[in-house]
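Trainee: Attaching a single structure in structure tokens format; questions to follow.
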Amino acid sequence: MVKSFLMLTGLKVYLPKSNVIEGQFWYKHSSMANPFILDSDLLSEVKEKCIFLLETGEVKPLHRIRMARPRHYRLYNASFEQYLMAENYYFAYTETRKEEHIDNLIACLYRKPWQKWDAEKIQRRSKYVKNVDFAVKNCVFLWYIGFRSYVPKRCKALFSSKGNSNGRPFNPREYINGMIHQLSNGDVTIKDKLLSIPCWDALDELEQRALEYQLLNEKK
């Protein structure tokens, strides 16, 4: 936190050649001619201004990556299938840290203006961003993390418990398939139709079902 504060403010540690007093810390800044002492208690207080760096929050996506443009930062213009595919590659990247998965995530969230969504072309389109600077790729990852922090705020009942009641470890595939199963009521013939509906229509419906389930349990 202190390092972040110093970097963002432009402060640099200064080591005087003489008259060094233990416990005193000197700093320099480009806007001031002379070095100055910054009390350690004050430094400890002001560093808290950088707490936002440790908090999960929404960020706006990069305007473009090469010629590809992003979906809406809250995926209002994305289909349910796009959301599920993005979730799949998000979990794959967080578990393995293989860059190919973040490339696929970018291909889910970005596309050229003339391209239409096609899940089968994700891996082929991901090659377009393979050589993009990793700092750019990480910006997309941070955007998606921010989006994922918003979803539980809007769908509180749906995401009230991420764990499994039977104590089994979290399984991304079961998590994704479970959402499809809940919406389809087990009818596999409507799966393709469900995947094409707007992302938030699906999530709002799942939220409503979660609320009804909670109310039913409260009555028991």
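Trainee: Sort THR9, THR96, THR189 so that the residue with the fewest other Cβ atoms within 10 Å of its own Cβ comes first and the one with the most comes last.
Mentor: Lowest to highest Cβ neighbour count: THR189, THR96, THR9.
Trainee: Only one of the values (i) 7, 25, 25, 18, 13, 9, 4, 1, 0; (ii) 8, 34, 37, 19, 3, 0; (iii) 7, 25, 28, 25, 12, 3, 1, 0 was calculated from this structure for P(r) over Cα pairs in 10 Å bins from 0, in percent; name its label.
Mentor: (i)
Trainee: Strictly greater than 21 Å: what percent of every Cα pair in the stretch 15-108 meets that?
Mentor: When every Cα pair of the stretch 15-108 is considered, 60 percent fall beyond 21 Å.
Trainee: Something else: So how far, in whole Å, is the C-alpha centre of the stretch 92-146 from the one of the stretch 190-220?
Mentor: What the calculation gives is 28 Å, centre to centre.
Trainee: Can you give the FRET efficiency to the nearest 0.05 for GLU120 and SER160, using r as the Cβ-Cβ distance and R₀ = 35 Å?
Mentor: Between GLU120 and SER160 the formula returns 0.50.
Trainee: With the cut-off at 24 Å, tell me which of the pairs LYS116/LYS156; LYS98/LYS121; LYS47/LYS137; LYS137/LYS191 have Cα atoms farther apart than that.
Mentor: Listed pairs above 24 Å: LYS116/LYS156; LYS47/LYS137; LYS137/LYS191.
Trainee: When the chain is fully extended, how far beyond the present Cα-Cα distance does ASP201 get from HIS63, taking 0.36 nm per residue of separation?
Mentor: Gain in length upon complete extension: 47.1 nm.
Where a number appears in this text, it was derived from the coordinates with a stated rule and is not lab data. Worth saying up front: this structure is predicted, and the values here are computed from it rather than measured. Counting neighbours? That spans all protein chains shown, and the Cβs are built from the backbone with ideal geometry, glycine included.
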